[in-house]
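Notes to accompany the following structure.
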Amino acid sequence: MEIKNLSNLPDPDLRGWTFSRYISFPSFLTLLQGRAFIPSFGNLRLTEPTELSIPSVSHEDLAMWAFDKPTFREAELWLQRQYERRTGAEFKDHELKDRLFMGEWIEQLSLRRCAWCWFGSQNCHAESMAMWKLYAPSGVMIKTTFRRIQEALSGFTPAEHRYEAGLFNVHYPPRCEHDDKFASEQYISRPFIFKNDSYAHEKEWRIVFQDEGRVMDPGASLDLDVRQLISSVIFSPFFPRHEFDALAASTRSLLSGDIEEFKCSTQTQEDPFDYGKTDFGMLEDCQTEPLPEVMKTL
């Protein structure tokens, strides 16, 4: 499956970027089996209703502008039928027509596009404590590159042959401010590349999939080569050491030998209290020293 680079960076510049996903441990196990579930935007909106939202300061003028363009004008009758089927109400031609069309466009788009979301950074060692806490407090972070993602999805099944996919970087316009990008037909057809600036900590890049306009809700399940995909696995810094040791022992053999990193994050620790492997060994050595009686009293 080809993934087109539709971001604002050319391919040569993407080579210096690392893409990470913070995922739950069950999702990691599914990935190790060579499957990835890519949720639809309709699915994502169940937990994040602001997905695909357009700033209210842009919405009204944008709706009037968009449906004056040939691309959207030819879709009006189709959107009207979808609105009537979904709501059971007759679509009436009144002054709110353009806004209703815009709302239905967003609704239909959410059912017909899926997104694989990644944290992008030019620092290959970057970690985000906000992302750990929000998405993987008991999970892992996997690292990869755009080239690896493309290679991992190259062996698609026949059912996935018709999928079209593109890489987009998310824009974070300030809340309650109009962004001039909304004055472009290119962007109004892709509201999934906007979030307000309160989400800027996600540094998000999205691989968006579509299936010739068909409904994909609640999502798509794709085959992939996990050994091609993953370059590093970092376990949550909130795992106790013994849990990390057990989980690492049970999963490391499922990946190829060229993994660059397979370790537990130490992001919650700061010098001089960063207890790495050597420090734990030092603590174990201390067990041989005589203890004062007060330490042995329950």
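Only the coordinates and a few stated rules stand behind these numbers; no lab work does. Keep in mind that what you see is a predicted model, and the values were worked out from it rather than measured. All Cβ positions, even for glycine, are placed from backbone atoms using ideal geometry, and neighbour counts span all protein chains on display.
For residue 264, the residues 5 or more places off, or on other chains, whose built amide H falls under 5 Å of its own are 235. A simple count of charges around residue 22, restricted to other residues whose Cβ falls under 11 Å of its Cβ and scoring Lys, Arg +1 and Asp, Glu -1, yields +1. Taken one residue at a time, the phi angles of the stretch 84-91 give Karplus couplings (6.51, -1.76, 1.60, θ = phi - 60°) of 5, 5, 6, 9, x, 10, 6, 7 Hz. Gly and Pro are set to x. Over the stretch 3-271, the alpha carbon radius of gyration divided by the compact-protein estimate 2.2 N^0.38 Å works out to 1.11.
Can you flag which of 203/263; 92/195; 4/195; 133/195; 4/263 are past 28 Å Cα-Cα? Flagged as over cut-off: 92/195; 4/263. Computed packing ranks the peptides 108-114, 80-86, 1-7, 45-51 as 108-114, 1-7, 80-86, 45-51, most packed first, by mean other Cβ atoms within 10 Å. At q = 0.19, 0.22, 0.23 Å⁻¹ the log10 of I(q)/I(0) for the stretch 67-134 amounts to -0.76, -0.94, -1.02, computed by Debye summation with a single uniform scatterer per C-alpha, solvent ignored. Here r is the Cβ-Cβ distance between residue 200 and residue 5 and R0 is 30 Å; the resulting FRET efficiency, rounded to 0.05, is 0.85.
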